[in-house]
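To keep things clear, I will list the structure first and then write my remarks on it.
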Amino acid sequence: MSMQVKEIELAVGDPTSEAWLEVHHAANRSVWGEGTQRTSIEEILDVAPRRHEVRRTFVVLQPGADGAEAPVAAAQTIRRTRENVDTAGVWLSVHPDHQRQGVGSLLLAQCEQSLRDDGCTRIHEHSGAPVEQGDAATGFALASGYRQTLLDLRQDLALPVDDAALTALDPGPDDTAYVIETAVDALPEEWLEDRAVLARRMSTDAPSGDIDLDEEDWDAERVRQQWNTPSPIWALESVARHVPSGRLVAFTDLLVRPGQPDLAIQSDTLVLREHRGHALGLAVKLANLRALQRERPDVRTVRTWNADTNTHMVAINKRIGFVVTGWTREWAKQL
């Protein structure tokens, strides 16, 4: 039966959009089981403008026996508009019932051509698997001309964690040098300038592997747009303040998304290089976990990713109780 790639507009409550999303969820379930991560159309539409992204949405439709068309593969191209504008992402899934039939290659070719047409010269994306050596997505990426740039460990922490265990781990920074502060679902206005500095440093200090990316252009207004405007995504953040200077020098955040309210994603953690060696990374993570368990007792798992070369952060997570549950490969290809 013939297949066609069609570009669509995502919309909340739209049956085609929900069918498109279910292709992603079905593909994820085939890899990770029923505990796979989930998302929602509402969240996808909310995230793109916050991240200064332009996304185009594609679906491969195949006629069924009854003549009705059904989606068998789904993708988005993700183009950045503020920095790294030549480097794009592709989120692509093929329904498990239609894999190894050329559908993924057909859709990927369409996505790559669309990005070329939009002026992009490189794709930087990732794939994950619960096995260290990779899975079918690894073989697909290599066969499609992508090269691996980084290997990340996926680590999960089961909740709740006994507060006494967290207290025993707490390094208790000298409060004449550093204090820990926590914000729930919005950042205090007085944090924003310093948080912009931390976000800018995060974009260059975090391991990026074998790929060169520009420093991200953060200012207080960009922080305000990302964290302090209405969103279906719930957020929690803890920071370390250097008492003598009054400046924020470390942060970590947690996100709970509407598509999966029992899972918290620990996305970014950074301690400025000039303030490392005081266990601030551990201190802000513990503060965030305490606040998460207090504010969102419905969350059952915290999940994070770290480059396998980031041995210090991986070791901190292990001390807290995180265990490795998967491996994520980052890929790059010149268009």
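The values are calculated or read from the model by the stated rules, or taken from the named source; none is laboratory data. Keep in mind the model is a prediction, meaning the values are calculated, not measured. Quick reminder, even Gly has a Cβ in these numbers, built from the backbone with ideal geometry, and neighbours come from all protein chains shown. The protein model used for the area step is the full one, side chains on, heavy atoms only, and it has no ligands, DNA or RNA in it. Shrake-Rupley method; radii C 1.70, N 1.55, O 1.52, S 1.80 Å.
Quick notes on this structure:
- In the stretch 1-32, residue nearest to residue 111 (Cα to Cα) [restricted to those that are among the polar types (S, T, N, Q) and not in a loop (DSSP other than H, G, I, E, B)]: 4
- Restricting attention to the stretch 202-235, the residues that are in contact (Cβ under 8 Å) with a residue 24 or more places away in the chain and of a type in the set (Phe, Trp, Tyr) add up to 2.
- Number of residues in the stretch 234-264 that are open to solvent by 40 Å² or more (accessible area, probe 1.4 Å) and among the charged types (D, E, K, R): the value is 4.
- Residue satisfying all of: in the stretch 110-144; assigned to a helix (DSSP H, G or I) and in contact with a Phe, Trp or Tyr (Cβ under 7 Å, 6 or more places away or on another chain); most open to solvent (accessible area, probe 1.4 Å) among these: 110
- Picking from residues in the stretch 151-172 that are in a loop (DSSP other than H, G, I, E, B) and among the acidic types (Asp, Glu), the one that is surrounded by the fewest Cβ atoms within 10 Å (Cβ to Cβ) is 162.
- Output for the stretch 218-233, where each listed residue is farther than 28 Å from residue 262 by Cβ, open to solvent by less than 50 Å² (accessible area, probe 1.4 Å) and either part of a helix (DSSP H, G or I) or touching a strand residue (DSSP E or B) at 6+ places or on another chain (Cβ under 6 Å) (or both): 220, 222
- Hits in the stretch 51-89 - residues which are within 30 Å of residue 221 (Cβ to Cβ) and among the β-branched types (Val, Ile, Thr): 54, 57, 77, 78, 81, 85, 87
- Residue in the stretch 173-182 that is out of contact with any Asp or Glu (no Cβ under 8 Å at 6 or more places or on another chain), among the charged types (D, E, K, R), at pLDDT 95 or above and in a helix (DSSP H, G or I) present: no
- Filtered residues of the stretch 265-280 (kept if surrounded by 22 or more Cβ atoms within 10 Å (Cβ to Cβ), without any contact (Cβ under 8 Å) to a residue 40 or more places away in the chain and out of contact with any Gly (no Cβ under 8 Å at 6 or more places or on another chain)): 266
- Residues of the stretch 283-319 that turn out to be open to solvent by 10 Å² or more (accessible area, probe 1.4 Å), assigned to a helix (DSSP H, G or I) and either out of contact with any helix residue (DSSP H, G or I) (no Cβ under 8 Å at 6 or more places or on another chain) or modelled with pLDDT under 95 (or both), as a count: 11
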